[in-house]
Structure formats: C-alpha cells, structure tokens
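For reference, the structure is listed below as structure tokens.
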Amino acid sequence: MHIPDGFLNNNLAGCFVVGALGMLGYCLSKILKAATIFTGALMGNNGNSNIGSASFGFSDNASKYFQNLAIIAIWVFAFQMFNIPIQSATSAHLIGGVFAAVLAGPLEGFVIMSSVLILQGLFFSDGGILALGANIFNMAFVGSFLSYYIYKTFLNKNHYLAVFAACLFSVLTASLSCLIELSISGTVSFLTAFEDMMNMHLIVALLETGITLVLLKIFKNLTRDTDE
Amino acid sequence: MNKKTFVITIPILVVLLASLFASKRPDTLETIAINYGFKGQAKEISSLFTGYSFPFIHNQFMSSFCAGIMGLFIIYVLYKVVKRFVK
C-alpha cells in the first residue's frame with residue numbers, strides 16, 4: 001500500500017508531510033519525556049498506556065524500553081518484506097500497525113511505523129519521498145495509532161475479537177484513505193476503483209488478523225521471560 | 001538457544017525466507033494502478049537499496065538478503081542513536 005511519488009498531487013502530499021512531521025514530533029517528545037522520567041515497568045502494555053503515570057528519576061527501564069521499540073520495528077520491517085501471493089497476480093504483506101500498537105501503545109506504534117516507512121522510502125524506494133507524509137498518515141496514523149483505540153474498545157470483550165476489529169479497521173480504513181487521497185489528486189475516480197480496492201483489502205485484512213494474532217503470541221511469549 | 005536470541009533471529013530468518021520465497025507479483029496498490037491505467041504516473045526514485053536489492057551483488061537471493069539485513073541494522077542503529085540522545 002506504499003504510495004510512490006507521482007500518484008499524489010504535490011500540494012496534498014506536502015500537507016501530509018507537514019502533518020506527519022508534526023505528529024511525529026509530538027509522539028517523539030511524549031515518548032522521550034516518558035522514557036527519561038521512567039522508573040516503573042514500561043513494556044507489556046496491554047491496553048494501558050503508561051505514559052503520564054511515571055515518577056521522576058532516570059532508570060535502566062528507559063534503555064530496555066527503547067530496545068523493545070527497536071525490536072518491534074525490526075519485526076515489522078522484516079515481515080513487511082515477505083510478500084504473500086493473494087488472488088490473481090497480486091501480492092500483499094503485513095502492515096504491522098496493530099502488532100506494534102498492541103505491544104507498545106498508540107504513540108509508540110505511530111513512531112515505530114513511521115520509522116519503518118521512512119527507512120523504506122529513503123533507502124529502499126518503497127513508497128515515495130514526497131508521498132511519505134501520506135504513507136505515514138495511512139499506515140502509521142490510521143493503521144496503527146487510530147487502530148489501537150479500536151483494539152482498546154473491544155479489549156474488555158475478547159482479545160481475539162479486539163485484534164480482529166483493529167486489523168479490519170486498520171487495513172480497510174488505510175486503503176480507503178489511500179483511495180481518497182488518490183481521487184482528490186485526480187489519479188483515479190473514487191467510485192470506479194472503490195469496489196476493487198475494498199475487495200482486495202478485505203483479503204489483506206483477514207491475512208493481517210491471522211498473522212498479527214500469531215506474531216503477538218510468539219512475541220509476548222519470547223519477551224515475557226526476558227523481562228526479568 | 002534462549003528466548004532472547006529468538007527475538008533477534010526470527011526477523012533475520014524472515015528476511016532470509018523473504019529473500020527466497022517472497023512473491024514478486026505487484027502489490028495491491030500496484031495492481032489497482034495497472035488495472036486503472038495510472039501505473040505510468042509513478043516516478044521511480046533510485047536509492048541505495050532500490051527494490052530491496054544490494055548494490056554490486058548480482059545474485060538475486062544474496063542481494064535481497066543483504067539489503068534486508070541492512071534494513072534491520074539501520075533500524076537498530078537508529079533506535080540506538082535515539083536512546084543515546086535520551087541519556
């Protein structure tokens with residue numbers, strides 16, 4: 001779903017870059033602030049963002065916190081490389097926004113996804129440079145940050161249902177916003193491409209749910225015992 | 001191998017498998033672009049590891065694997081830098 005340069009109108013792409021930079025700055029400042037004042041356990045976020053509930057005094061937890069963010073980002077990057085064939089002549093890969101946000105929290109999820117997208121855009125030509133703002137909006141803001149709140153809404157009912165709802169929201173809303181951006185730019189007509197876009201991404205959403213559930217289980221299992 | 005090692009080896013293994021087996025078919029947005037005739041509007045920018053391939057390595061698997069490992073390494077360094085900045 002990485003939009004390359006040339007598909008979006010320059011003005012629209014520019015607006016998204018400004019918005020993405022603003023949001024990234026906000027999230028980073030919150031995370032850095034929380035990390036520097038942390039004394040309590042920070043990871044293992046399961047529905048509660050720990051930011052704001054910390055007491056003063058720098059500790060080694062901050063270092064462990066960044067290590068965990070790095071590892072989640074590394075997992076997201078690696079799994080995004082693995083394209084799986086879906087229906088005729090198309091492939092799809094995990095977005096990983098829900099995976100990151102469930103493990104680390106919404107602000108952290110946004111930062112993790114943005115860092116992966118920036119890396120892909122700058123070093124791998126996966127997604128354009130000017131289109132980076134729109135890609136961050138689609139996959140980090142909608143796909144991770146907003147999806148976290150869908151997960152949280154359904155969490156008190158059932159973890160599996162919450163992940164399913166969040167993944168469905170993440171992939172379908174991200175692809176919808178991608179299509180809206182393309183149609184505002186005059187690249188493709190919204191109504192013409194809507195059905196194709198949604199049909200295709202419904203399969204991607206189901207794949208995303210399955211992979212996210214498995215990865216969450218493996219990741220939590222692997223990190224539980226190392227968090228001594 | 002303890003669990004902590006697995007946290008690192010799993011993404012490396014995934015990059016290895018992706019280099020071997022990842023589908024070369026166009027992704028969802030590319031398919032839409034091809035079907036609706038706007039694929040030509042894409043401006044290909046070239047960067048260090050364009051298309052997940054490592055410069056100067058001509059073997060497709062090794063090229064893709066090395067590029068992927070570099071990706072993991074860059075992320076690790078990026079977060080290490082931010083961590084140092086916090087301290």
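Laboratory data are not the source of any read-out in this text; all were calculated from the coordinates shown. Keep in mind the model is a prediction, meaning the values are calculated, not measured. Reconstructed Cβ throughout: ideal geometry from the backbone, glycine too, with neighbour counts over all protein chains shown.
Note down the nm distance, to one decimal, between modelled labels 7 Å out along Cα→Cβ at B:MET62 and at B:THR9.
Output for this residue pair reads 2.4 nm.
Could you work out the local net charge near A:GLY128, counting Lys and Arg as +1, Asp and Glu as -1, over the other residues with Cβ closer than 10 Å to its Cβ?
-2
For the pairs B:LYS4/B:LYS80; A:LYS157/B:LYS4; A:LYS217/B:LYS80, note any where the Cα-Cα span goes beyond 23 Å.
Going by Cα-Cα distance, A:LYS157/B:LYS4; A:LYS217/B:LYS80 fall outside the 23 Å limit.
Can you list the DSSP H helices in chain A whose Cα atoms extend at least 20 Å along the helix axis and whose mean Kyte-Doolittle hydropathy is -0.5 or higher?
Within chain A the helices that satisfy the rule are A:10-36, A:60-81, A:106-124, A:159-184, A:190-224.
Given a cut-off of under 8 Å on Cα pairs at least six residues apart, what relative contact order in percent is computed for chain B?
26 percent
Do you know the relative contact order of chain A, to the nearest whole percent, from alpha carbon pairs under 8 angstrom that are 6+ apart?
23 percent
Can you give the helix-only mean residue ellipticity at 222 nm for chain A, where every DSSP H stretch with n ≥ 4 adds -39500 (n - 2.57) and the sum goes over all residues, rounded to the nearest 500 deg cm²/dmol?
-22500 deg cm²/dmol
For A:SER91, what residues show an amide H to amide H distance below 5 Å, using hydrogens built from the backbone and excluding near sequence neighbours?
Here A:ILE86, B:ASP27, B:THR28 satisfy the definition.
Once Rh is set to the Kirkwood radius over Cα pairs, what Stokes-Einstein translational diffusion coefficient, in µm²/s, holds for chain A at a temperature of 20 °C and a viscosity of 1.002 mPa s?
My calculation gives 119 µm²/s for D.
Considering chain A as a Gaussian network with a 10 Å cut-off on Cα pairs, which listed residue, A:ASN83, A:ASN135, A:ASN61, attains the greatest mean-square fluctuation?
Fluctuation is largest for A:ASN83.
Taking the simple approach of a point 7 Å from Cα along Cα-to-Cβ for both A:ASN61 and B:GLU44, what is their distance in nm?
Distance between label points: 5.0 nm.
Please compute the contact order of the range A:161-228 in relative form: average sequence separation of alpha-carbon pairs under 8 Å and at least six residues apart, divided by the residue count, as a percent.
42 percent
For a quick check: sort B:SER46, B:SER64 by the number of other beta carbons within 10 angstrom, fewest at the front.
By the 10 Å Cβ count, ascending: B:SER46, B:SER64.
By count of other Cβ within 10 Å, fewest leading, how are A:HIS201, B:HIS58, A:HIS93 ordered?
B:HIS58, A:HIS93, A:HIS201
Please identify every one of the chymotrypsin sites (Phe, Trp or Tyr not before Pro) in the range B:1-60 that sits in a loop by DSSP and has no more than 15 other beta carbons within 10 Å of its own beta carbon.
B:PHE56
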